[in-house]
Amino acid sequence: MGLELYAKVESLLGFDNERKRLYEIYLNKLKLLGLSDILDIGCGSGAFMELAAKEGIESDGIDLSTEMVKMAKSRGLSCEVRDICGVEKKYEGAVALFDVLNYVPPKDVKRFLRCVRNTIEPGGFFLCDINTLYGFEEVAQGALWIEKGDEFVAVEAEFDKKRLDTKIVYFHKDPKGCYIKENDTITQYYHDINELKIEGFEIVDLDFVALFSQEPDKALITYKRV
């Protein structure tokens with residue numbers, strides 16, 4: 001689903017300030033909830049895990065991208081390629097940052113949430129964020145071209161029928177100086193809040209965040225295992 005290619009171009013896309021702000025929101029919530037042991041679902045290169053460690057929050061990470069896990073491990077972090085339903089250890093809490101839930105197809109959302117619930121101790125919490133409809137229609141949709149040194153990436157995203165397909169084309173030089181072209185597509189899905197409810201996992205807080213614009217483009221959901 002294009003995750004390996006996205007791992008290669010993520011640093012070129014320039015969302016550092018927005019990520020930093022979102023990470024701060026998550027860290028503040030984790031501290032308010034008193035969580036000190038979490039699972040980072042879709043941990044990527046491990047940037048949030050590093051920040052959490054500085055706040056005294058221990059974490060393990062999982063991701064479906066081999067490339068991302070390789071980067072996280074190079075930072076000395078506890079991370080592995082694993083699906084959430086394959087996790088057996090229990091945690092005080094879990095997080096899924098920066099659209100992770102939007103990558104889960106609607107038919108698999110209930111399964112995903114049940115598996116997250118099963119990794120959390122009773123009374124524990126799960127924090128995640130999803131794109132609002134505005135976030136998909138007005139923010140995520142469109143085209144972007146970025147050139148940096150010997151690298152060039154083109155991104156074109158189209159939202160239709162609650163689905164965002166993002167085409168990525170990436171050019172970079174090999175050791176011989178020849179350009180290599182890679183392309184793939186990643187897909188995200190719009191989820192209505194009411195569709196994200198399952199037994200034994202109660203939504204206890206809902207915050208709307210304007211991360212990329214002046215209108216709320218993200219919803220931050222806090223679940224509690226009851």
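The values are calculated or read from the model by the stated rules, or taken from the named source; none is laboratory data. Since the model is a prediction, treat every value here as computed from it, not as a measurement. All Cβ positions, glycine included, derive from the backbone under ideal geometry; neighbour counts span all protein chains shown.
Looking at the range 5-19, which of the residues that are part of a helix (DSSP H, G or I) and of a type in the set (A, V, I, L, M) is nearest to T66 (Cα to Cα)?
Here is the first cut: in the range 5-19, the residues part of a helix (DSSP H, G or I) are 5-12, 16-19.
Then drop every residue that is not of a type in the set (A, V, I, L, M), which leaves 5, 7, 9, 12.
Values: L5: 11, A7: 9, V9: 14, L12: 19 Å.
It comes out as A7.
Condition test on V153, is it buried (at least 16 other Cβ atoms within 10 Å of the Cβ) and either more than 20 Å from the chain's Cα centre (by Cα) or not assigned by TED's automatic domain parsing to the domain that holds E24 (or both)? Break it down into steps so the answer makes sense when it comes.
Numbers: buried (at least 16 other Cβ atoms within 10 Å of the Cβ): yes; either more than 20 Å from the chain's Cα centre (by Cα) or not assigned by TED's automatic domain parsing to the domain that holds E24 (or both): yes.
The answer is yes for V153.
Among the residues of the range 75-92, which ones are of a type outside the set (K, R) and in contact with a helix residue (DSSP H, G or I) (Cβ under 7 Å, 6 or more places away or on another chain)?
Scanning the range 75-92 gives L77, C79, E80, V81, I84, C85.
Report yes if E67 is closer than 15 Å to S11 by Cβ and in contact with an Asp or Glu (Cβ under 6 Å, 6 or more places away or on another chain), otherwise no.
yes
Which one is nearest to L30 (Cα to Cα) among residues in the range 168-200 that are surrounded by 15 or more Cβ atoms within 10 Å (Cβ to Cβ) and within 20 Å of the chain's Cα centre (by Cα)?
The qualifying residue nearest to L30 (Cα to Cα) is L196.
In the range 54-70, how many are farther than 19 Å from K89 by Cα and surrounded by 16 or more Cβ atoms within 10 Å (Cβ to Cβ)?
Of the residues in the range 54-70, 3 are farther than 19 Å from K89 by Cα and surrounded by 16 or more Cβ atoms within 10 Å (Cβ to Cβ).
Between R117, R111, which is outside any strand (DSSP E or B), surrounded by fewer than 16 Cβ atoms within 10 Å (Cβ to Cβ) and of a type in the set (D, E, K, R)? First the steps, then the outcome.
Details: R117 fails: surrounded by fewer than 16 Cβ atoms within 10 Å (Cβ to Cβ).
Testing whether each residue is outside any strand (DSSP E or B), surrounded by fewer than 16 Cβ atoms within 10 Å (Cβ to Cβ) and of a type in the set (D, E, K, R) leaves just R111.
Please go through the range 134-150 and pick out each residue that is surrounded by 16 or more Cβ atoms within 10 Å (Cβ to Cβ) and in contact with a strand residue (DSSP E or B) (Cβ under 7 Å, 6 or more places away or on another chain).
G135, F136, A140
Please work out which one of (1) assigned to a helix (DSSP H, G or I); (2) modelled with pLDDT under 95 is the condition Y134 fails and give its number.
Status for Y134: all satisfied but (2).
If I ask for residues that are in contact (Cβ under 8 Å) with a residue 60 or more places away in the chain and over 24 Å from L5 (Cα atoms), which ones from the range 66-95 would you list?
Within the range 66-95, just G93 meets the criteria.
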